[in-house]
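Chemist: This is the structure I want to talk about, given as C-alpha cells.
The values are calculated or read from the model by the stated rules, or taken from the named source; none is laboratory data. Owing to the predicted nature of the structure, the values given are computational and were not obtained by experimental measurement. Note that we place each Cβ from the backbone using ideal geometry, even for glycine, and neighbour counts take in every protein chain shown. For accessibility, only protein heavy atoms count, side chains too; no ligands or nucleic acids. Shrake-Rupley method; radii C 1.70, N 1.55, O 1.52, S 1.80 Å.
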Amino acid sequence: MESFALTRTLFSKLRLLPHVRYTTPSTMAAAPTPTRVLKCDPGSITFSGDAPIYSDPETENSIKTAVQHLTERHVVAFPTETVYGLGALALDASAAAKIFSTKGRPSDNPLIVHISSRAMLASLLPPSYTPPPTYETLMRAFWPGPLTLLFPADPSRVPSIITAGHPTVAVRMPAHPVARALIAATGAPLAAPSANASGKPSPTRAAHVMRDLGCTGRLPLLLDDGGACAVGLESTVVDGLGKDGALRVLRPGGATVEALVDALGDGAVIDGGARPRVLVHKRDFVLGRHEEDAPTTPGMKYRHYAPGVPVTLLYTAASPPPADDKGGGEGGSSSRIAARRVALDAFFRESERGASGRLGLMAQDDSPLLARARLEGARWLTFSLGESAEPARAAQRLFEGLLGLEEQGVERIFVQEVAEEREGLAFMNRIKKAAGTSLRIVDV
Ligand code: TXA
Ligand code: MG
C-alpha cells in the first residue's frame, strides 16, 4: 500500500505535460536552453520491416522533431525498455561530445551505439568482419532487447570518442518502439548512455530525466512515453570476442545470465563442438590488472547509481558475508567492506535514534523487515520491490525506488539484498555500487 501511495504521489508531483518547456527557478537565469518535452505513445507505433508506421500524429511529430534535433547535432533524451537514454549521432564526434558535456561523463568511459537494423550494424563494423555463430544466436534470441555486444571497432567508421580508444565498440538494438522508431527515422546509429548526470541512478521515467538533466540547460529535448521503463535497469554487456569463444558478462543487466545460457543451449557451438561458456565478471573471471585499472568494463572505477541521500545495503540471507562477496560486477563500494552485524530490534532502534527525519526502506513483499518498518509507523517510508519469486520486478523498481524516496525527502535509504539469481544479479550489481555502507541483520 505504502509503495502504491508513494508512486501515486510521485506521479502527481512529477507529471509532465506534453509540449511544455520545463525550467526550475534556480536555473532560469543560468539555463539558456529550457528542455522541451514531447509526448510519444509507444502503442501507436508499428513497423514494416525496420520502417516505423504511426497511428498517432502527435507521436509522429515528436519523432520528427527529435530527428531534426539529432541531425543538427543536438542531444535528445528518449525512452528505451531498459532506462532512458541520452542520444546523439554516434558517427559524428562533435554530436557525441555533447553527451559527455551534458552528463558530466568522464571521457574514458565508452558509449553504447544503438541500432535499429542488422544493416546498420554492418555499417559500423569492419567490412570484412563476420560475427561468430554465438553472436548470431544471441542476436536472434535477444535483439531487439536488453543485450549489448562488443564488436571489433573500425576506427575509420566509429569515432574514438565513442570507443574511448578501445579496440571494440558496444552495440545494442533496443526494443522500445520509440527508441527503434527514432533510430530508424534518423537513419543513423545513436550513441546513448543512461540519461542521468554521471554517478546518479539511471532514470526510468521522463520525470527522472527532467529532475536530473532538465535543470542543466543542456538538454534541449526529451521524449516522454508517459510510463516507466519495462526492464528498469540497463542492458547486459557481453564480450564474446576472446579466442576461447566464451561469453564474458562485463555488466549484468536485463538479459539474464540464465537466459543467455538457455539461448546458447539452442545451437551455437565453438571450435571442437563445445557449447560456449558464460562467465560473469568478478564471479568467474577478472580482467588483467591493467584492464581493471584502465576501465575495460568502464564505469568500474567511477561511483555509480547513487542518489543524493546515503544508501545502506542490508544483508539478511544466509549468503556469504559481503567481505567474501565476489559478485560485484562493475566493482561495488559496499561489497568490499565487511558488514557490521546487528540484530533486527537493534537495527530499528539505532536507525531511528541516529536520524532526525524520515527513513526509507526498499525490500521485497515477503520481507520481515518491510512488515516491521510498516509497524514502526510514519518514520519509515517503505517501497516494495515485488514478490521475491519475481526478481524482474525488483530490478524494474530499483532506480524508481531510490529516486522516489530521495524525492520524498528521506534522510537515508536502506535496501535489502535480493537473491543473486536471474535479474537479481543485476539488481545486486547496481545496489552494491550505489550503497556507501552495508549492515548484516543476523536474525531475519
Ligand atoms: O540499457 C542500456 O545499456 C542503456 C540504454 C540507454 O541503452 N545505456 C547504458 O549506457 O547503460 P551507459 O553508458 O550508462 O553504460 C554503458 C556501459 C558502461 O559501463 C561502459 O563502460 C560499457 O557499457 N561499454 C561501452 N562501450 C564499451 C566497450 N567498448 N568495451 C567495454 N565496455 C563498454
Ligand atoms: Mg549509465
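Chemist: Give all pairs with beta carbons closer than 6 Å in which a residue from segment 213-238 that is in contact (Cβ under 8 Å) with a residue 60 or more places away in the chain and away from ligand 1 (no atom under 14 Å from the Cβ) meets a residue that is in a loop (DSSP other than H, G, I, E, B) and open to solvent by less than 10 Å² (accessible area, probe 1.4 Å); count only pairs at least 6 apart in sequence or on separate chains.
Modeler: If the second residue must be in a loop (DSSP other than H, G, I, E, B) and open to solvent by less than 10 Å² (accessible area, probe 1.4 Å), the pairs left are A228/T204.
Chemist: Checking K98 against (1) more than 14 Å from ligand 1 (Cβ to nearest atom); (2) assigned to a loop (DSSP other than H, G, I, E, B), which single condition isn't satisfied?
Modeler: Answer for K98: the failing condition is (2).
Chemist: A follow-up question, please. Quick check on segment 154-161. Is at least one of its residues farther than 20 Å from S107 by Cα and either within 16 Å of ligand 2 (Cβ to nearest atom) or open to solvent by less than 30 Å² (accessible area, probe 1.4 Å) (or both)?
Modeler: no
Chemist: Filter segment 385-396 down to the residues that are within 11 Å of M362 (Cβ to Cβ) and buried (at least 24 other Cβ atoms within 10 Å of the Cβ), then identify the one that is nearest to the chain's Cα centre (by Cα).
Modeler: Residue satisfying both the conditions and the ranking: A394.
Chemist: Do we find that E376 is surrounded by fewer than 24 Cβ atoms within 10 Å (Cβ to Cβ) and under 19 Å from the mean Cα position of the chain (by Cα) in this structure?
Modeler: So E376 does not fit the description; no.
Chemist: Can you tell me which residue among A188, A195 is more than 13 Å from ligand 1 (Cβ to nearest atom) and touching a residue at least 40 places away in the same chain (Cβ under 8 Å)?
Modeler: Among A188, A195, only A188 is more than 13 Å from ligand 1 (Cβ to nearest atom) and touching a residue at least 40 places away in the same chain (Cβ under 8 Å).
Chemist: Here is a check on your reading of the model: is L149 in contact with a helix residue (DSSP H, G or I) (Cβ under 8 Å, 6 or more places away or on another chain), crowded, with 18+ Cβ neighbours inside 10 Å and in a helix (DSSP H, G or I)?
Modeler: No.
Chemist: Further question: Select from segment 162-199 the residues that are within 16 Å of ligand 2 (Cβ to nearest atom), outside any helix (DSSP H, G or I) and farther than 22 Å from G240 by Cα and list them in ascending order.
Modeler: Listed by number, the residues that qualify are L190, S194, A195, N196, A197, S198, G199.
Chemist: Would you mind finding the one in G232, G240, G254 that is more than 16 Å from ligand 2 (Cβ to nearest atom) and not aliphatic (A, V, I, L, M)?
Modeler: Only one candidate qualifies: G240.
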